[in-house]
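Below is one structure; the comments refer to it alone.
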């Protein structure tokens, strides 16, 4: 298997302080391995996922442009590939995250941070039912459902029904990745509880603790819209490893030069942009935001969000395909 060959290559150079993925990739040049389709309807298969990650790295020109990593940086990734604890829910969560990150159009510092910290992702039980109940409300909101369905349709998925969102579950994890908001599989959205706790600390710092539920609810609504769009797209195209699906010409013309990422497009249809709820808390129009959030909860027939009136800050994050990550400045990964 490809994974075994990679592990052997890494272990055979144990005396070197640096490791080059490209040295291993050169051995694949004559084979040109196809991108791995990951169909999870038949159950979770760790070996398929691990091979998909390596082939995604091989096919990722941004990753291939990186000459070497410190051997110690890659060591945790190799240990992950060698692990026999594949049935652990946290391992599955880490694998799904790595499948997505292996396709990221990012620079060295991003991949270095991912390799160093992805194994800190641990599934946790979130005791407060507030966000789980909120997810039910979001899935029942007709305007949000329409935004998700139309975004998925833009990316080539057909035969979309409102009930397609009902089975989607939310799973919480903790991680030493404070840039990471969340990501998704084909039936779950994974939300970083570490980031949520940081948001609550930020709210308290600005003296807005009385608005905890409101700000947290809006942040979660934005993130749920983003990630449920990915879930639905992957399920309809029957592939966890789908990326940059072919867009029909008419849909490309509608989207124009916008960043072609389905989750980003869906949240923009509701909020007008990707909003950064960690910035500008001291100037937010809380009366307006309360009214908007009430409309979400009560499934009002229309949701008209006005960025200017809300005084929300537009995210300055550099978009990363397939995961929701905040990177506001170059090399701001840790």
- Message: If you restrict to DSSP beta bridges whose two residues both lie in the stretch 75-201, what percentage is antiparallel, to the nearest 5?
- Response: 55 percent
- Message: Sorting check: for 82-95, 269-282, which peptide has the highest mean count of neighbouring beta carbons within 10 Å, and how do the rest follow?
- Response: 269-282, 82-95
- Task: Return the FRET efficiency for the residue pair residue 31, residue 311: r is the Cβ-Cβ distance, R0 is 51 Å, and the value is rounded to the nearest 0.05.
- Result: 0.40
- Message: So if I take the centroid of the Cα atoms in the stretch 256-318 and the same for the stretch 145-205, what is the distance between those two points in Å?
- Response: 15 Å
- Task: Rounded, prolate or oblate: pick one for the stretch 2-120, where a ≥ b ≥ c are the square roots of the eigenvalues of its C-alpha gyration tensor, a/c under 1.5 means rounded, and failing that, prolate if a/b is larger than b/c, else oblate.
- Result: rounded
- Item | Reported label for calculated percent of Cα pairs over 32 Å apart given [x] 35; [y] 30; [z] 75 | [y]
- Query: To the nearest 10 degrees, how steep is helix 286-297 against the longest Cα principal axis of the chain, on a 0 to 90 scale?
  - Reply: 80 degrees
- Query: Could you work out the helix-only [θ] at 222 nm for the chain, with each DSSP H run of four or more residues adding -39,500 (n - 2.57) and the total divided by the number of residues, to the nearest 500 deg cm²/dmol?
  - Reply: -14500 deg cm²/dmol
- Message: Using only Cα atoms and rounding to the nearest 10 degrees, what angle (0 to 90) does helix 212-236 make with the longest principal axis of the chain?
- Response: 50 degrees
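How far, in nm, would the chain grow between residue 87 and residue 285 when pulled straight, counting 0.36 nm per residue and subtracting the alpha carbon separation?
Between residue 87 and residue 285, full extension yields 66.7 nm more.
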- Message: Applying a 10 Å radius around every beta-carbon, put 106-117, 176-187, 125-136, 60-71 in order of their mean neighbour count, most first.
- Response: 176-187, 106-117, 60-71, 125-136
- Computed label-point distance, nm, for sites residue 300 and residue 5 using a 7 Å Cα→Cβ extension: 5.8 nm
- Note on the structure: Taking Cα pairs closer than 8 Å and at least 6 residues apart, the relative contact order of the stretch 2-120 in percent is 33 percent
- Message: I want to check the label-to-label distance for residue 213 and residue 150. Put each point 7 Å from Cα in the C-beta direction and report it in nm to one decimal.
- Response: 3.1 nm
- Report, in degrees rounded to the nearest 10, the 0 to 90 angle that the Cα long axis of helix 142-154 makes with the longest principal axis of the chain. 40 degrees
- Highest-fluctuation residue, 100, 226, 159 considered, GNM on the chain with Cα pairs under 10 Å: 159
- Message: Please report the antiparallel percentage of DSSP beta bridges with both residues in the stretch 124-325, rounded to the nearest 5.
- Response: 60 percent
- At the level of C-alpha centres, the distance separating the stretch 1-66 and the stretch 105-124, in angstrom, is 17 Å
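Every read-out reported here was derived from the displayed coordinates using simple, explicitly stated rules and does not represent laboratory data. Predicted model, so just to flag it, every value in this text is computed and none were measured. Neighbour counts run over all protein chains shown; Cβ positions are idealised from the backbone, glycine included.
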